[in-house]
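**Q** Below is one structure. I have some questions about it.
A short reminder: the numbers here are calculations on the coordinates, not readings from a lab. Everything numeric in this text was worked out from a predicted model, so none of it was measured. Cβ placement follows ideal geometry from the backbone for every residue including glycine, while neighbour counts extend to all protein chains displayed.
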Amino acid sequence: MTIEIIEDVVRNTVTRITRKDISQFTRTTTFKDLEADSLDIVQILVALEDHFDIEVVDEELESITNMGDFIDYINRKVAEKTARSA
Amino acid sequence: MLEEKVALVTGGSRGIGRAIALELANEGADVIINYLRHRTAAQNTAEEIRQKGRQAHIIRANVGEPDKIESMFAEIADKFGHLDILVNNAASGVARKAMDLDERGWAWTMDINARAFLLCAQRAVRLMEGRGGKIVAISSLGSRLVMPVYTAVGVSKAALEALTRYLAIELAPYGIAVNAIAAAAVQTEALNVYKFNEKLSKTWQTTSAGRMVQPEDIAKLVAFLCRDESFMIRGQTIIIDGGFSIAPLIT
Ligand SMILES: NC(=O)c1ccc[n+]([C@@H]2O[C@H](COP(=O)([O-])OP(=O)(O)OC[C@H]3O[C@@H](n4cnc5c(N)ncnc54)[C@H](OP(=O)(O)O)[C@@H]3O)[C@@H](O)[C@H]2O)c1
């Protein structure tokens with residue numbers, strides 16, 4: 001799976017759940033910019049874990065500041081999963 | 001004892017659900033562990049069960065989503081063919097005052113905590129057909145007592161307890177016993193939500209029994225309700241709280 005596909009899924013999921021226009025999502029956008037509350041964040045994580053069949057570790061998210069970091073993190077998790085199942 | 005029984009524990013990966021899953025395995029049951037996000041925790045609980053010589057199977061499914069419940073039960077039917085015990089334990093919820101609650105938070109909480117109980121029970125009953133079974137729902141004192149920001153969860157637990165009564169009567173002719181357990185505060189990760197309120201956190205540190213309720217206290221009560229010794233207990237919500245609810249001012 002390419003990073004472009006992952007970025008696309010993350011962008012669509014995040015903007016759908018936070019009810020924001022897709023144009024408001026860039027790599028420097030933060031969850032705060034999107035006015036995401038704790039329920040939004042849980043729903044985003046559940047949706048992405050489901051879609052990519054990965055496990056997001058909450059503590060690992062603490063260092064994430066913006067959507068760019070978030071996409072890279074999800075990409076890493078997908079790569080780890082692919083490596084495990086190879 | 002629960003030898004040869006197949007049990008599903010929703011939210012069986014961590015906290016109280018984990019203790020319930022392990023206790024049912026201690027009694028001889030094979031256990032299906034449903035979870036939402038923490039796969040490693042679910043795998044660890046399953047591994048502990050296997051070390052007890054019992055079968056364990058994990059299923060990721062958001063019980064707030066009807067189609068996920070459907071596929072979870074299809075997987076159970078496929079793998080085990082039947083079910084003897086359903087423990088409706090999974091819960092989530094938004095922590096807000098009534099005036100701050102929005103539709104999304106209300107729906108999320110009610111779907112996972114109350115609607116899922118109905119949908120899981122409906123599907124569990126099909127897998128219990130001709131053999132009977134036990135259904136136990138996990139509630140909390142918040143179904144009756146008012147606690148800060150517990151609004152949505154408290155209401156969902158009240159619905160769960162009412163549904164327990166209706167199911168108990170409707171399912172009795174099929175040899176299925178249905179009960180609920182309402183616990184006082186238990187030290188699990190779920191309690192971290194209330195860390196902001198120091199006074200509250202202190203209030204429930206002690207009970208007249210001298211300590212907080214432990215996950216294992218609840219697990220042992222679940223196991224009792226799953227054994228035939230409890231045959232005549234139907235549609236009840238059994239309070240397990242060290243006396244907290246009858247004497248909140250005396251500790
Ligand atoms: N802790 C207390 O003080 C207390 C007091 C009285 C009653 N209770 C009740 O006891 C039960 C267990 O609470 P707990 O303290 O053990 O909670 P917890 O530590 O937060 O664990 C919740 C469990 O439910 C699962 N879960 C959450 N949402 C789910 C969903 N939508 N679909 C499937 N699984 C889901 C979680 O899965 P993941 O591991 O994948 O996240 C986890 O296994 C709940 O019904 C709660 O209301 C708790």
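**Q** Could you look through region B:41-66, keep only residues that are within 9 Å of the ligand (Cβ to nearest atom) and not in a strand (DSSP E or B), and pick out the one that is farthest from residue A:50 (Cα to Cα)?
**A** B:45
**Q** Consider only pairs whose beta carbons are under 9 Å apart and that are at least six residues apart or on different chains; among these, list those whose first residue lies in region B:56-82 and is free of Cβ contacts under 8 Å to residues at least 24 places away in the same chain and whose second residue is within 12 Å of the ligand (Cβ to nearest atom) and in a loop (DSSP other than H, G, I, E, B).
**A** Cβ pairs passing all conditions: B:68/B:61; B:68/B:62; B:71/B:61; B:75/B:61.
**Q** I'd like to know if region B:98-119 contains one or more residues that are in contact with a helix residue (DSSP H, G or I) (Cβ under 8 Å, 6 or more places away or on another chain) and at positive phi.
**A** No, region B:98-119 contains no residue that is in contact with a helix residue (DSSP H, G or I) (Cβ under 8 Å, 6 or more places away or on another chain) and at positive phi.
**Q** Here's something else I'd like to know. Could you please find all residues in region B:102-128 being of a type in the set (Asp, Glu) and either outside any helix (DSSP H, G or I) or in contact with a His (Cβ under 8 Å, 6 or more places away or on another chain) (or both)?
**A** Scanning region B:102-128 gives a single hit, B:102.
**Q** Same structure, new question: What number goes with the only condition from (1) under 13 Å from the mean Cα position of the chain (by Cα); (2) farther than 17 Å from residue B:190 by Cα; (3) not in a helix (DSSP H, G or I) that residue B:138 does not pass?
**A** The number of the failed condition is (2).
**Q** Which count do you get for residues in region B:141-197 that are among the aliphatic types (A, V, I, L, M), in a loop (DSSP other than H, G, I, E, B), more than 14 Å from chain A (Cβ to nearest Cβ) and more than 12 Å from the ligand (Cβ to nearest atom)?
**A** 1
**Q** Which of the residues that make up region B:81-101 are more than 16 Å from the ligand (Cβ to nearest atom) and part of a loop (DSSP other than H, G, I, E, B)?
**A** Listed by number, the residues that qualify are B:81, B:82, B:83, B:84, B:97, B:101.
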